[in-house]
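The values are calculated or read from the model by the stated rules, or taken from the named source; none is laboratory data. Remember, predicted model here, so these are calculated numbers, not experimental data. For neighbour counting, all protein chains shown are included, and Cβ atoms are generated from backbone atoms with ideal geometry for every residue, glycine included.
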Amino acid sequence: MPELTRIASNIRLFALDVDGVLTDGRIQYSSSGEELKSFNIKDGLGIKLLQRDGIEVAIITGRVSPMVSRRAAELGIDTIVQGREDKLSALLELCKLRGIEPQACAYMGDDLPDLAAVKAAGVGFTPADGVAALQAAADVVTHLPGGNGAVREACELLLQARGSLDALLETFA
């Protein structure tokens, strides 16, 4: 991945879709009608490692969910864009607000609404179970599926390409 190594040092923002990326894409409802989502704890630590390395993490999702807000707060993610199907426009707005180019962003999505954002980002990721169009367009297809460690894998690949993964892991030894 020589291209990832070249680009990774310039990444300042990693934007993530939720359903199918931070979750396995399933939506469950309780008997009282509450929506339930499951998040992978390992993905959360990957996000925290990125933040320690100075990369801001943002969420861009087409749905609106209080569980997403809660999980983002737990992870220290301050930028949450919910209810936006046009992921590219949302990503470009975030870039403009931060004064950075899309090439200074990584984006991870799994389905067609994410396609343009994956293509526009400096590094586009998709989980192993991302749709075929995303797999064809992404710079990196993770080995793991969404909601099952794919975000952690992407975070570690990015940190490894930046040369900072070993030092971050050493803080746990």
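Which residue is modelled with the lowest pLDDT, if the candidates are limited to region 26-46 and must be part of a loop (DSSP other than H, G, I, E, B) and surrounded by 19 or more Cβ atoms within 10 Å (Cβ to Cβ)? Let's see the steps before the verdict.
From region 26-46, those part of a loop (DSSP other than H, G, I, E, B) are 26-27, 30-34, 37-40; that's our starting set.
When the remaining residues are screened for being surrounded by 19 or more Cβ atoms within 10 Å (Cβ to Cβ), the result is 37, 39-40.
Numbers: K37: 90, F39: 95, N40: 96.
Only one residue fits best here, namely K37.
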>> For G130, only one of the following conditions fails: (1) surrounded by fewer than 24 Cβ atoms within 10 Å (Cβ to Cβ); (2) over 23 Å from S9 (Cβ atoms); (3) touching a Gly at 6+ places or on another chain (Cβ under 8 Å); (4) not aromatic (F, W, Y). What is its number?
In response: (1)
> When only residues in region 84-100 that are of a type in the set (K, R) and touching a Gly at 6+ places or on another chain (Cβ under 9 Å) count, which is nearest to G62 (Cα to Cα)?
Replying inline: R84
>> So the check is Cβ under 6 Å with 6+ separation or different chains; which pairs have a first residue in region 67-90 that's crowded, with 17+ Cβ neighbours inside 10 Å and a second one that's aromatic (F, W, Y)?
In response: R71/F39
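Hey, any hits in region 49-64 for a residue that's over 12 Å from the mean Cα position of the chain (by Cα), farther than 18 Å from C155 by Cα, not in a loop (DSSP other than H, G, I, E, B) and not β-branched (V, I, T)?
No: zero hits.
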>> Can you tell me which of (1) among the basic types (K, R); (2) closer than 23 Å to G99 by Cα; (3) over 15 Å from the mean Cα position of the chain (by Cα) is the one R12 doesn't meet?
In response: (3)
> Quick one: what pairs do we get from region 34-48, first residue within 13 Å of L165 (Cα to Cα), second among the charged types (D, E, K, R) and part of a helix (DSSP H, G or I), C-beta under 6 Å, 6+ apart or different chains?
Replying inline: G46/R152
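Output the helices (runs of 4 or more DSSP H) that fall wholly within region 93-162 and possess 2 or more residues being modelled with pLDDT under 95 and touching a strand residue (DSSP E or B) at 6+ places or on another chain (Cβ under 7 Å), or say none.
So the answer is none; nothing clears 2.
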> Restricted to region 1-22, and to residues that are in a helix (DSSP H, G or I) and of a type outside the set (S, T, N, Q), which residue is surrounded by the fewest Cβ atoms within 10 Å (Cβ to Cβ)?
Replying inline: P2
>> Six or more apart or on different chains, Cβ atoms under 7 Å: show the pairs whose first residue is in region 4-24 and within 16 Å of S69 (Cβ to Cβ) and whose second is among the polar types (S, T, N, Q) and surrounded by fewer than 19 Cβ atoms within 10 Å (Cβ to Cβ).
In response: T23/S38
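For the structure I just gave you, tell me whether R98 is buried (at least 17 other Cβ atoms within 10 Å of the Cβ) and over 14 Å from the mean Cα position of the chain (by Cα).
Considered against the rule, which asks whether it is buried (at least 17 other Cβ atoms within 10 Å of the Cβ) and over 14 Å from the mean Cα position of the chain (by Cα), R98 comes out as no.
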